[in-house]
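To start, the structure under review is shown below, and the notes come after it.
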Amino acid sequence: MKTKSQELRTVLVTDCGSTTTKALLFERKADRWQQTFRGEAPTTVEEPTADVTMGALNAFREVQELSGRTFLHEGPSPFMVTGEDSGRGIDLYLSTSSAGGGLQMLVAGVVHNITTESAERAALGAGAIVMESVSADDGREDYERIETIRHIKPDIVLVTGGIDGGSTAHVVEMAEILVAASPRPRFGDTLKLPVIYAGNADAAVEVSQILSKRAQVVVVPNVRPRLDHENLGPAREAIHEFFLSHVMSHSPGYGTLMSWSPVPIMPTPAAVGDIVQMYAERTGKNVLCVDIGGATTDVFSVFADRSGQRAFNRTVSANLGMSYSIANVLVEAGVQNIRRWLPFGISETELRDRLRNKMIRPTSIPQTIEDLWVEQAVCREALRLSLKHHRSLAIGLESAREKGIADVFRQSSDRYELVDLMSLDIAIGSGGVLSHAPSRTQAALMLVEGFALEGITEIAVDSIFMMPHLGVLASVHPEAAREIFENDCLIYLGVSVAPRYNEKKVRSDVLAEVYLDGERLGQVQRGKVLRLKTAARGKGLLKVVPLSSGVDVGSGPGEALMREVILGETGIICDGRNRPIVIPEDSVTAQREVYESIALVKPRGQHE
């Protein structure tokens with residue numbers, strides 16, 4: 001198959017998910033690259049089939065039937081290579097995967113909020129789900145750590161601890177605990193567990209000797225060589241190598257799937273992270289992206305740190321989802337927090353029953369408007385909780401400076417949150433509940449309220465969840481991935497305008513005036529949510545002028561903010577509720593007023 005970008009005209013890409021395998025056909029037309037046809041089929045990595053290629057072939061056949069393009073044949077590889085006849089064959093096949101639960105890892109370190117936290121960021125950035133984190137200071141006894149580790153079946157273990165040149169005793173003890181626990185890998189029972197050591201370089205030899213008794217060990221540079229510096233790249237590369245050589249090659253049918261492509265299979269979250277980073281680097285925007293699925297919610301962000309460098313972070317909330325994990329959202333958020341978003345009354349018992357029914361029937365879809373509103377209320381809380389988790393891990397480190405004795409004992413003061421919603425340029429939503437919402441306005445409002453957006457923020461959704469496909473395509477043809485991402489993948493919904501204000505200083509009910517391309521469009525009203533419709537599409541110059549020194553829209557208290565934005569079909573959503581969003585006790589009335597103001601329900605008195 002062809003791999004040179006200038007030779008490519010037809011590329012077939014699959015994402016083998018935990019339940020569905022999605023195949024997309026990308027074609028180079030006269031003017032640009034386009035996504036043309038899509039096919040999907042149930043993933044077949046589990047019994048009774050236990051061969052991921054069967055589901056992939058079913059998805060391929062659907063694409064072939066829809067496109068009228070013949071590209072399948074009998075042979076070691078199922079694909080015909082493009083010939084002179086443009087209606088036959090493909091140039092390249094690529095794939096991502098999160099089937100079988102995706103890449104699952106255990107991380108171990110010495111100090112939780114230093115080395116272990118860096119190890120978590122390295123694993124999450126490589127597309128893994130962190131099943132458990134173990135630290136020397138986590139408050140558990142050694143036997144408790146051993147018991148915990150022994151019952152985990154990770155794909156890969158990442159061990160770190162200590163800064164280079166520091167003490168080696170604790171990280172050596174952690175290696176001995178790991179050997180005593182002797183966890184087995186999830187796949188390949190006859191093989192040694194893959195372990196990556198990315199800790200204090202002075203302990204590398206001793207740790208390798210200890211771990212090699214039970215594990216296949218590779219040593220990479222320290223993820224935290226200094227207190228004020230992270231080096232996550234080498235660990236992430238090692239994770240990817242083990243993912244291919246151990247996890248993928250021993251998963252049912254993946255050996256065959258890998259042989260069909262000259263490009264390595266990527267973990268689905270890693271591919272999404274790559275396309276988010278590429279978009280952020282090209283546009284210079286601060287980006288927040290969420291992929292909310294049935295079992296997990298992944299959050300990706302790219303923000304400039306205090307040194308001006310762009311920092312990428314990814315977190316996965318493995319217990320927050322819209323079907324398999326919907327009961328966990330109920331437990332973490334609580335009934336009241338979900339019920340506050342509903343424009344109709346419902347008892348606590350009925351709400352619990354509805355969500356439990358969804359959990360035991362995870363593939364069901366809403367049958368009534370009330371079912372839809374309940375699902376979207378859960379989405380808001382899943383977004384809120386997953387962003388809270390993300391912000392706790394997406395931190396920056398202060399640059400090196402002279403430290404005294406007091407600073408040594410205040411290491412946490414050198415950390416700061418990277419995610420600043422006031423400086424966020426665009427929020428991107430992906431996943432069925434957002435991408436397939438019956439109304440684009442509903443998707444926009446879920447992002448505004450779930451993330452509690454602040455300032456001026458563009459809102460977009462992934463049209464048919466093609467971000468994983470574009471992430472792996474970008475590794476071969478970045479320009480094609482960019483064109484398809486910006487023209488076919490991203491659907492711009494509109495713009496959120498949400499001032500933050502000092503309640504005591506603001507006396508008027510009008511917080512700010514909104515102008516588009518020099519013309520007054522409307523107002524942001526205190527405590528209300530209004531939708532300002534715009535006839536224009538594409539780019540526009542938005543100006544928001546606070547009417548009080550206590551109102552901040554992103555430029556500072558009382559200062560106007562002007563920004564070029566990309567408009568969408570929902571127009572501009574002006575949210576005059578302060579942050580954090582507080583819903584009055586009579587939440588049914590309050591939320592119904594919000595829905596009426598942006599035309600999601602008809603005003604009272606009208607027949608619905």
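Quick look at the numbers
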{"quantity": "Hits in segment 276-328 (condition: part of a strand (DSSP E or B) and within 13 Å of residue 425 (Cβ to Cβ))", "calculated": "287, 288, 289, 301, 302, 303, 304, 310"}
{"quantity": "Number of the condition not met by residue 53 [criteria: (1) in contact with a strand residue (DSSP E or B) (Cβ under 8 Å, 6 or more places away or on another chain); (2) crowded, with 21+ Cβ neighbours inside 10 Å; (3) under 25 Å from residue 272 (Cβ atoms)]", "calculated": "(1)"}
{"quantity": "Restricting segment 132-158 to residues that are without any contact (Cβ under 8 Å) to a residue 60 or more places away in the chain and aliphatic (A, V, I, L, M), the residue that is surrounded by the fewest Cβ atoms within 10 Å (Cβ to Cβ)", "calculated": "152"}
{"quantity": "Segment 185-201: number of residues that are over 18 Å from residue 155 (Cβ atoms) and without any contact (Cβ under 8 Å) to a residue 40 or more places away in the chain", "calculated": "2"}
{"quantity": "Qualifying position, being within 24 Å of residue 49 (Cβ to Cβ) and either surrounded by fewer than 19 Cβ atoms within 10 Å (Cβ to Cβ) or in contact (Cβ under 8 Å) with a residue 12 or more places away in the chain (or both), among 182, 249, 208", "calculated": "249"}
{"quantity": "All positions within segment 447-470 that are out of contact with any strand residue (DSSP E or B) (no Cβ under 7 Å at 6 or more places or on another chain) and buried (at least 24 other Cβ atoms within 10 Å of the Cβ)", "calculated": "449, 450, 470"}
{"quantity": "Residue that is modelled with the lowest pLDDT [pool: residues in segment 185-203 that are in contact with a helix residue (DSSP H, G or I) (Cβ under 9 Å, 6 or more places away or on another chain) and of a type outside the set (A, V, I, L, M, F, W, C)]", "calculated": "188"}
{"quantity": "Enumeration of residues in segment 211-239 that are crowded, with 16+ Cβ neighbours inside 10 Å, closer than 23 Å to residue 192 by Cα and at pLDDT below 90", "calculated": "214"}
{"quantity": "Answer residue from segment 543-567, given it is within 30 Å of the chain's Cα centre (by Cα) and part of a loop (DSSP other than H, G, I, E, B) and is nearest to residue 531 (Cα to Cα) among those", "calculated": "553"}
{"quantity": "Residue among 120, 206, 132 that alone is modelled with pLDDT of 90 or more, closer than 22 Å to residue 103 by Cα, of a type in the set (Asp, Glu) and assigned to a helix (DSSP H, G or I)", "calculated": "120"}
{"quantity": "Search result, residues across segment 239-254 that are touching a helix residue (DSSP H, G or I) at 6+ places or on another chain (Cβ under 8 Å) and either farther than 30 Å from residue 221 by Cα or assigned to a helix (DSSP H, G or I) (or both)", "calculated": "239, 240, 244, 248, 252, 253, 254"}
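Listed here are the residues, each with its yes/no results for (1) of a type in the set (Lys, Arg); (2) in a strand (DSSP E or B); (3) surrounded by 15 or more Cβ atoms within 10 Å (Cβ to Cβ).
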| residue | (1), (2), (3) |
| --- | --- |
| 503 | no, no, no |
| 520 | yes, yes, no |
| 523 | no, yes, yes |
| 535 | no, no, no |
| 570 | no, no, yes |
| 578 | no, no, yes |
| 589 | no, no, no |
| 595 | no, no, yes |
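The values are calculated or read from the model by the stated rules, or taken from the named source; none is laboratory data. As the structure is a computational prediction, the values presented were derived from the model and not from experiment. Every residue, glycine among them, receives a Cβ derived from its backbone with ideal geometry; neighbour counts consider all protein chains shown.
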